[in-house]
Amino acid sequence: MAGNFETQFVTAGDKPALIAFSTPEWLDNVKAALRGLGYKVHTAATHSDFLVRFNQIRYQVVVVEELFGANNLEENSTLKALQTMPMSRRRHATVILLGNSFQTFATMEAFQQSVHAVINSSEMFMLNQLIEKAVAENTLFLQSYLEVQRRVSML
């Protein structure tokens with residue numbers, strides 16, 4: 001697993017984020033944006049590394065590059081794994097897909113890719129705000145969902 005051993009630990013007060021990128025410049029930009037928002041960032045170097053990390057920690061934010069370890073979107077094993085994962089295993093995370101093929105915050109594109117938000121790489125300069133918005137929208141939706149779930153369980 002990449003990174004310093006001591007930075008791999010997550011405490012109760014941490015806001016963990018997991019990123020999976022093949023493009024070094026994008027990786028650095030996303031890391032900086034997440035750290036600026038107060039997240040403790042872990043980086044997956046490979047698809048298998050991503051799966052191990054994702055299954056060990058309840059990440060609040062997951063950002064995946066559309067071409068992570070792939071030549072095209074269809075070959076992205078990490079994205080495929082997230083898309084086929086049961087919702088109960090990924091509900092805790094806001095999943096963001098970043099790449100050249102998407103229009104930022106295009107709801108239908110995000111829905112088609114089974115992620116919460118898509119961001120076009122040309123909007124990297126606004127990454128802090130875009131991540132913040134995606135997380136806020138997902139949190140608002142999830143609060144409503146959990147409230148309905150709580151009420152139904154009380155019946």
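The values are calculated or read from the model by the stated rules, or taken from the named source; none is laboratory data. Only a predicted model underlies this, so the values are computations on that prediction, with no experimental measurement involved. Don't worry about glycine lacking a Cβ; one is built from the backbone with ideal geometry, like all the others, and counts go over all protein chains shown.
Here are a few things to note about the model shown:
Rundown of residues vs (1) surrounded by 17 or more Cβ atoms within 10 Å (Cβ to Cβ); (2) closer than 17 Å to His92 by Cα; (3) small (Gly, Ala, Ser); (4) over 14 Å from the mean Cα position of the chain (by Cα), yes/no style:
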residue: Gln112; (1), (2), (3), (4): no, no, no, yes
residue: Ala117; (1), (2), (3), (4): yes, yes, yes, no
residue: Ser122; (1), (2), (3), (4): no, no, yes, yes
residue: Met126; (1), (2), (3), (4): no, no, no, yes
residue: Glu132; (1), (2), (3), (4): no, yes, no, no
residue: Ser144; (1), (2), (3), (4): no, yes, yes, yes
residue: Arg151; (1), (2), (3), (4): no, no, no, yes
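- Scan of the stretch 32-52 for residues that are under 22 Å from Thr139 (Cα atoms) and crowded, with 18+ Cβ neighbours inside 10 Å, ordered by number: Ala33, Leu34, Tyr39, Lys40, Val41, His42
- Selection from the stretch 115-131 of residues that are out of contact with any Asp or Glu (no Cβ under 8 Å at 6 or more places or on another chain) and either among the basic types (Lys, Arg) or not in a strand (DSSP E or B) (or both): Val115, Ser121, Ser122, Glu123, Met124, Phe125, Met126, Leu127, Asn128, Gln129, Ile131
- Counting the residues of the stretch 145-155 that are polar (S, T, N, Q) and either closer than 30 Å to Glu25 by Cα or not in a helix (DSSP H, G or I) (or both) gives 0.
- Qualifying residue in the stretch 72-85 (condition: surrounded by 15 or more Cβ atoms within 10 Å (Cβ to Cβ), closer than 16 Å to Leu51 by Cα, of a type in the set (S, T, N, Q) and free of Cβ contacts under 8 Å to residues at least 40 places away in the same chain): yes
- Within the stretch 86-100, the only residue that satisfies the criterion of being surrounded by fewer than 16 Cβ atoms within 10 Å (Cβ to Cβ) and modelled with pLDDT of 95 or more is Asn100.
Yes/no per residue for (1) part of a helix (DSSP H, G or I); (2) free of Cβ contacts under 8 Å to residues at least 60 places away in the same chain; (3) among the small types (Gly, Ala, Ser):
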position: Val95; (1), (2), (3): no, yes, no
position: Val135; (1), (2), (3): yes, no, no
position: Asn138; (1), (2), (3): yes, yes, no
position: Gln143; (1), (2), (3): yes, yes, no
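- Residues satisfying the stated conditions in the stretch 101-110, i.e. of a type in the set (Phe, Trp, Tyr) and crowded, with 19+ Cβ neighbours inside 10 Å: Phe102
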